[in-house]
Amino acid sequence: MPSKTSSAWPILIVIVLLVAGLAGGAWWLLRTPPLATNEARVTYTTGEQCLWTDWQFTIRREVQNNSVRGNALIVGRPKVQTATDSVLRVFSATGEKMLMEQIREMNFRTVPDSNNTSNNRVSSLVITTATGEETFRATPLPKFSRSRVLVPVASHYFPKQSDEYTTWGNVRMTLSGTPDAECSIDDEISLTRPGHYKKRTPERVEFGAP
């Protein structure tokens, strides 16, 4: 005569398999769908997430259109040059050119802004690519600027400039995209002036793998 314990084993196994199957099905239904190549998921320090499509890096440079005539300085309207790119082209902290292809993530480290307690500021940015990580820290701009720079913008975006130096002061780089309709956060993140307002401070950006 079989024992009660041995006859209960098949029932327990069936129950375990059913629970595992239900858990797996729930995970499959609730899991975050993978991102497409042209998509990015932005997470802010507030916890809000925004799905962007057609993301790109935008580089803006203001050119002063001034000239000297005799003893007079003729001040013209500044001209704005703009370039867009899907590959991040920057210089490393030691001056080497970097092509940061196949970006997977950007992780922003934020700290309270000592000049404004209601704001956060980004102090470092870790960029993960298919081949590794690179960390950029906020550094002071030269001369009289109070701004900070995370990603130095390579001057080769603008052919009339020399490739041998990094353009700092008058160039701005942003990551932008088209947010979904439910997103209440801005569609642009500064990478060269990382003093974001508290409600808009990014924490993480995930990119779709090609």
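Within the stretch 174-194, whose backbone N sits under 19 Å from a point 7 Å along Cα→Cβ of Ala83?
Flagged as within label range: 174-176, 190-193.
Please arrange Glu96, Glu133 by how many other C-beta atoms lie within 10 Å of their C-beta, fewest to most. Show your work: numbers first, answer last.
Details: Glu96 8, Glu133 11.
With the fewest neighbours first, Glu96, Glu133 line up as Glu96, Glu133.
Most exposed first by the Cβ proxy, i.e. fewest other Cβ within 10 Å, how do Leu73, Leu88 rank? Before the final figure, lay out the partial values.
Details: Leu73 9, Leu88 21.
Ascending Cβ contact count within 10 Å gives the list Leu73, Leu88.
Just to be sure I understand the model, the point goes 7 Å from the Cα along the line to the Cβ. What's the resulting Thr43 to Ala130 distance in nm?
Simple spin-label model gives 2.4 nm for this pair.
Throughout, read-outs are computed from the coordinates displayed, never taken from laboratory work. From a predicted model like this one, the values you see are computed outputs, not experimental measurements. Glycine also receives a Cβ, built like all others from the backbone with ideal geometry; neighbour counts cover every protein chain displayed.
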